[in-house]
1. Please give the contour-minus-distance gain from Ala24 to Ser168: 0.36 nm per residue of separation, less the Cα-Cα distance, rounded to one decimal in nm.
2. Can you compute the modelled spin-label distance between Glu180 and Glu12, with each label point 7 Å from Cα toward Cβ, in nm?
3. How far apart, in nm, are two points set 7 Å out from the Cα along the Cα-to-Cβ line at Glu121 and at Asp144?
4. Quick check: residue separation of Ser153 and Ala81 times 0.36 nm, minus the Cα distance between them. What number comes out in nm?
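No value in this document is a laboratory result; all are computed from the given coordinates. All of these numbers come straight from a predicted model, not from anything done at the bench. Every residue, glycine among them, receives a Cβ derived from its backbone with ideal geometry; neighbour counts consider all protein chains shown.
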Amino acid sequence: MQTIVKLFDSHEHAEAAIRDLETAGFGHDRLSLVRRQADAATTTTTDGATDDDASAAGVGATIGTLVGGGAGLLAGLGMLAIPGLGPVVAAGWLVAALTTAGVGAATGGIIGALTGGGVEEADAHVYAEGVRRGGSLVTVRCEDAGEAARAESILARHMPVTLRDRESQYRQEGWSRYEENDTMASPPVEQGGLGTGAGTTTTGPGLGHTRTGV
């Protein structure tokens, strides 16, 4: 199993990528979307409901719904709290890695969930920081290299960030690593600097770690 990870500055681009992946045959149980909870008064989900509505629904949903038991990944969006991030809107397989005791709280951090899925720890810190700053994280679990290539091609159409460029930007600002205890007071905002699809992390048993577009 290989894991493809992309960070998006635009929630709309991330959701469009999810829809295209599902259309291409990737089951929603193999996809995940995590984004920091934004201003519920101004941000909407794909079906027109506010993030506040999605959050309220998520608290009462079953974990099966959040990991892909509904009509599609986006239909299962709900809210949970992740250490260091606070409330996030999320759905998919990564939710199961974050939550074990039920919906509404995560027992572990996002770094552990990502590295447990095969993502290199250094990359996981950049992805987590991207989510903290308002980005949307999309992950895809693929059976083989062929599926991974298809997933990368689809995701690249939707303007993901270039991971190495974003890491460089953070470091120029004095950032060194994602800290779960860092109380970042500023609200999530849409970031600039959209990339071309580089910065994917591909992992798999016996394959080591391959970074594309670095």
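1. Net length gain for the segment: 48.5 nm.
2. Result for the modelled spin labels: 3.5 nm.
3. That separation, rounded to one decimal, is 3.3 nm.
4. 22.8 nm
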